[in-house]
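Read the structure below first, then the notes.
What follows is calculated from the coordinates using simple rules that are stated; it is not laboratory data. Fair warning: this is a prediction, and the values are worked out from it, not measured in the lab. Note: ideal-geometry Cβ built from the backbone for every residue, glycine included; neighbour counts use all protein chains shown.
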């Protein structure tokens, strides 16, 4: 798995561009994983949109992860599902999706990360590393030391998320993160493809120097 640039779609932050447009532009910029995240569509709309995004990710040979909605992930044969601490328990999600789909779990503490590993997660999303306007109700930022502690505690890939951009991605990778997950740094950019490409180049350079 290439965890380097995990882009999460968000219609509220994309300045009128659709999930499909965002996903396509991010893929062209080098996104290695796309997560479909949407809280307000009907189930039918979610399934239709996810199915179209899956066509794009299949063509690009990268995974599609669906946020929270396991029913939608299964319906469109997405590559996996991501759950937060307030969503479906990771153990149940693993039972329902089976052993071969990707299961991601958000964790803001070492304890949550260790529990996610025990529950069958394939990766941990350490969040938020920095203050982020995307989720105002998110836990307090872990900071770089909190991120490093999570990386050292688990034997899983750790993806850093929360306020990450070109300016701080290098120090995030230096803490041992396997990749970065972003929303606003790419999705809100005037040119999504260019923003994704610059961020990917930054992360690749940081990984080589780590």
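In summary, the convex hull built on the alpha carbon positions of the chain has an orientation-averaged projected area of 10.2 nm². For residue 174 and residue 201, the FRET efficiency from 1/(1 + (r/R0)^6), where r spans their Cβ atoms and R0 equals 22 Å, is about 0.85.
Please give the length that would be gained between residue 48 and residue 191 if that part of the chain were fully extended, namely 0.36 nm times their separation in residues minus their C-alpha to C-alpha distance (nm, one decimal).
Values: separation 143, 0.36 × 143 = 51.48 nm, distance 2.55 nm.
Gain on extension, residue 48 to residue 191, equals 48.9 nm.
Relative contact order of the range 83-210: 19 percent, from C-alpha pairs under 8 Å at least 6 residues apart in sequence.
With the helix formula -39500 (n - 2.57) applied to DSSP H stretches of n ≥ 4, the chain reaches a computed 222 nm mean residue ellipticity of -12500 deg cm²/dmol.
For the pair residue 111 and residue 155 in one chain, pulling the backbone fully straight at 0.36 nm per residue adds 14.5 nm over the alpha carbon distance.
Say a paramagnetic label sat at a point 7 Å from the Cα of residue 15, along Cα to Cβ; which residues of the range 154-197 have their backbone N under 17 Å from it? Residues 166, 183-197 fall inside that zone.
Highest mobility in the GNM of the chain, judged by mean-square fluctuation with C-alpha springs under 10 Å and restricted to 193, 109, 42, is found for 42. Sorting 158-168, 112-122 by average packing, meaning the other beta carbons within 10 Å per residue, from highest down gives 158-168, 112-122.
Highest mobility in the GNM of the chain, judged by mean-square fluctuation with C-alpha springs under 10 Å and restricted to 178, 71, 86, is found for 86. Test of understanding: in a Gaussian network model of the chain with alpha carbons linked when under 10 Å, which of 44, 148, 198 would top the mean-square fluctuation ranking? Checking each option, the largest mean-square fluctuation is seen for 44.
A straight chain from residue 75 to residue 118 at 0.36 nm per residue would run longer than the Cα-Cα distance by 12.8 nm. Note on residue 96 and residue 167: the model spin-label points, each 7 Å out from Cα along the C-beta direction, lie 4.0 nm apart.
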